[in-house]
Amino acid sequence: MKKQMLPTYKKQECDRINEDVGFTGTRDGMTPRQANKFREIIKEMNIRSFHHGDCIGSDLEAHKIIRKLKPKAQIYVHPPIKKRYRAFCKGDFTAPEKDYLARDFNIVNGTETLLATPKQKSEVLRSGTWTTIRYAKKMMRKITIIYPDGTSINGKD
């Protein structure tokens, strides 16, 4: 009887196999350096599902990048009730409309990793992006924050 060989992976590859990834970012859109770093990070990930909040700016940009670079990833759109800043992205699944806070929490609750592209390099109290980052920390998710200058940090704290 022939012994079946199982695939072997490097540790960092194991950490990024079939991830469910959440995204939060500014409605002003990513800076060119943020977008480049986002693409770089995405290329290294094996994404099963990608969840975003369906707002103009960073959500729309991330949606397009994922469709291009990870066409097999299923995109979950979590739209806001208020239509003023909604991007109306076409995902594979669309969650019911919710207020911003509930929607952001659902993105974190449905994923194990959060990628964030905030407008500021330091934390801001009245910001949906930073509120989502703080909630992801509280829920002990893996977080990568990509700052406007293209630098990034990883971790749960």
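The values are calculated or read from the model by the stated rules, or taken from the named source; none is laboratory data. Note that the structure is a prediction, hence the values are computed from the model and not measured. Ideal geometry is used to build each Cβ from the backbone, glycine not excepted, and the neighbour counts take in all protein chains shown.
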Exercise. Can you spot a residue in segment 76-97 that is at pLDDT 95 or above, over 16 Å from Asp28 (Cα atoms), surrounded by 16 or more Cβ atoms within 10 Å (Cβ to Cβ) and of a type in the set (Lys, Arg)?
Worked result: no
Exercise. Taking segment 82-138 as the region of interest, how many residues are of a type in the set (A, V, I, L, M) and outside any loop (DSSP other than H, G, I, E, B)?
Worked result: 9
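Each row is one residue, and each column tells you yes or no for (1) among the aliphatic types (A, V, I, L, M); (2) in contact (Cβ under 8 Å) with a residue 24 or more places away in the chain; (3) touching a His at 6+ places or on another chain (Cβ under 7 Å).
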| position | (1), (2), (3) |
| --- | --- |
| Ile81 | yes, no, no |
| Tyr85 | no, yes, no |
| Lys90 | no, no, no |
| Val108 | yes, yes, no |
| Ala116 | yes, yes, no |
For this session: Tally the residues that are under 18 Å from Tyr100 (Cβ atoms) and without any contact (Cβ under 8 Å) to a residue 40 or more places away in the chain, restricting the search to segment 128-156.
Result: 6
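This table checks each residue for (1) within 9 Å of the chain's Cα centre (by Cα); (2) surrounded by fewer than 24 Cβ atoms within 10 Å (Cβ to Cβ); (3) aliphatic (A, V, I, L, M).
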position	(1), (2), (3)
Thr24	yes, no, no
Arg27	no, yes, no
Arg33	no, yes, no
Ile41	no, yes, yes
Met45	no, yes, yes
His52	yes, no, no
Gly57	no, yes, no
Glu61	no, yes, no
Exercise. Of a type in the set (Lys, Arg), assigned to a helix (DSSP H, G or I) and modelled with pLDDT of 95 or more - does that describe any residue in segment 48-56?
Worked result: no
